[in-house]
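For reference, the structure is listed below as structure tokens.
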Amino acid sequence: MTTKRVILKGIPASPGIVKGRVRILYSPKDVFKMEDGHILVASETNPEYTLAILKAIAIVTDKGGIMSHPAIVARELGIPCVVGTQNATKVLKDDMEVIVDGSKGEVAVEGD
Amino acid sequence: MEVKGKLPSKVIDVLDMAVSHIVYDRAPRLGPSPPQWPMPITVINWFHTRFFVREIYNTIITLEKRGYDLKEIAHFLWGPSVISHWAYFAQCPIKGLSYEEVIDFFEKTADLLACLRIDDIFCKSYKNILWNEENIRHTLNEYEYISVRENETLRDMFVRLNVMLWHYCGLINVGHHVFSHEFHGPYNLSDGKVLLVREYYNLKPEDVWNFTKEVPYRSLMTLEIYKDLQIKIDAFNHLETTEPLPSHLESFTVVVNNREFDGKDPESFMKVLFDKMGRALNQGILLIRNFDKKDWINKVIWMRHLYLKPAKDALGVDWRPKEELLSLPDLIGEAEKYVLEYIVKQQYPVVMKNPPDIAKEKLLILWCNNILSLKEGSYEGNA
């Protein structure tokens, strides 16, 4: 059985579990880096991130609560979301493969 | 409370709607919230009180003088949820109206809501009910609904379209999405099903935003049937669910020009619409990248005037802002100073440091005093 190690905790904002590759967007100018199936990681999101959000299979942010922009949008799209992690943009790196658990508010990697 | 007793109960009811929303719905659950995009709503509201309240009020009064009744006037003002937002104008100094006019403005706010919403005009039950049973029956029978059980690809396109439209509304209205949408319901159907209606309007403000020219429709409506999902809609049109919407979506349709899917097959219709909206949104996002605060306030002035266009058209007058208003964005520093001194330093602590019931009373009194001080011309910050 594959084990997993939780590397980030935040506020559960939209349920569901997905595994995918991280794409960190430091500003709206980075949205072109996003491809279909990426996990969107950002300090926060706003409407300028829309086109990236629509490609994401999950959203993880440093800031925000359950009524914040990424949380509302993720529930509309039906994708997992973890907000308020404080430092997702520092802990995670582009192309890292992670598991996002939107029900528990956790981000994990496979292995010990 | 003594202060509350000095204002008509209808005015108190309107202010209570906004104050309750701040205290009970927003504050406890906001958590560590990032800054509001593209700027704090309170700053935009300060500008609203500099021109928009006066503009709305004078337009309503002129329509009344021309013989329009309040129900007819209500329909010039789009949905009730944007009217609910007028309650927030009491948070800042209102310019250009007398005390008596301000009282009349807030009383009319309640009356207009009563014209558009059925029974629960302040949405205290977290339902925004605009349609009666006959409207619902007609809507269910008139249009062909697509079951998402048969077509998950279409479901995904649909939920993405709604998200795109919502963001688009936010962008063109400078963060105030509600100026281009009215979400209403949930309307109870049988077997644990509910109908949610999302009406989008004013989607092509070409006179204000050039990039909206390619948007194919000025308005459209989505009809969505969910099963076993609790949907809440408050007076200000915030939609909230405890669970993600797509997994509970049973069927939907998109109505434009009074026909579902504009007569084309749903899949190609959705793809074309999605692509066109996406292109417009992308152009908009590229445009605003170089915006400063004054550019945004300029758009606020133009978009709020455009909001009143149907009413102005009925009066046969030009809807565009007057020349002297175009220098209003220069007051951005004054607006930010007011928000910091009177809202961030005085009103926010009341909400954050008191139990909800006490916070609500204290905030309500602050807002009432703002209006009452108009009588003596000593409105705080009303320099």
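A few comments on the model shown:
- Applying both filters, DSSP loop and at most 15 other Cβ atoms within 10 Å, to the trypsin sites (Lys or Arg not before Pro) of region B:222-316 gives B:LYS264, B:ARG289.
- Hull volume per residue, based on the alpha-carbon atoms of region B:12-159 and their convex hull, is 182 Å³.
- Here is the P(r) of region B:84-177: all C-alpha pair distances, binned every 10 Å from 0, give 12, 22, 35, 20, 9, 2 in whole percents.
- Over region B:320-378, equivalent-ellipsoid semi-axes from the Cα gyration tensor in Å: 29, 16, 10
- Global geometry of region B:231-353, whether rounded, prolate or oblate, following the gyration tensor of its Cα atoms and the 1.5 cut on a/c: oblate
- Stretchable slack from B:ARG218 to B:ARG137, in nm (0.36 nm times residue separation minus alpha-carbon distance): 26.6 nm
- Springs between Cα atoms under 10 Å define the GNM used for chain B, and in it the highest mean-square fluctuation of B:THR42, B:THR139, B:THR59 occurs at B:THR139.
- For A:LYS19, the lysines whose Cα comes closer than 17 Å to its Cα, not counting residues fewer than 8 places off in the same chain, are A:LYS4, A:LYS9, A:LYS55, A:LYS93, A:LYS104.
- Value of Rg to Rh for chain A (Rh from inverse mean 1/r over Cα pairs, i.e. Kirkwood): 0.93
- Förster radius 45 Å - calculated FRET efficiency between B:GLU144 and B:LYS345 (Cβ-Cβ, nearest 0.05): 0.20
- Accessible area of B:GLU206 (1.4 Å probe, protein heavy atoms only, ligands and nucleic acids ignored): about 60 Å².
- The equivalent ellipsoid that matches the C-alpha gyration tensor of the protein assembly as shown spans semi-axes of 37, 28, 23 angstrom, in descending order.
- Summing charges over neighbours of B:TYR201, with a neighbour being any other residue whose Cβ is under 9 Å away from its Cβ, gives -1 when K and R count +1 and D and E count -1.
- Per-selection Rg to Rh, region B:133-288 - Cα, Kirkwood hydrodynamic radius: 0.95
- Listed by chain and number, the aspartates and glutamates whose C-alpha is less than 12 Å from the C-alpha of B:LYS309, apart from same-chain residues fewer than 8 away, are B:GLU55, B:ASP207, B:ASP318.
- Stretching the chain fully between A:ASP112 and A:GLN86 yields a gain of 7.0 nm (0.36 nm per residue, less the alpha carbon separation).
- Distance between region A:42-59 and region B:168-207 - C-alpha centres, whole angstrom: 21
- Percentage of interatomic Cα-Cα distances in chain B larger than 42 Å: 11
- Note on B:LYS193: lysines with a C-alpha under 20 Å away, same-chain residues under 8 apart excluded, are B:LYS127, B:LYS227, B:LYS232.
- Of the Cα atoms belonging to region B:85-139, the radius of gyration and Dmax stand at 15.0, 46 Å.
The values are calculated or read from the model by the stated rules, or taken from the named source; none is laboratory data. The shown structure was predicted, so the numbers you read here are calculated from the model rather than taken from an experiment. Here the Cβ is made from the backbone with ideal geometry for all residues, glycine too, and neighbour counts use every protein chain on show. Protein only, heavy atoms only, side chains kept; ligands, DNA and RNA dropped before computing areas. Shrake-Rupley method; radii C 1.70, N 1.55, O 1.52, S 1.80 Å.
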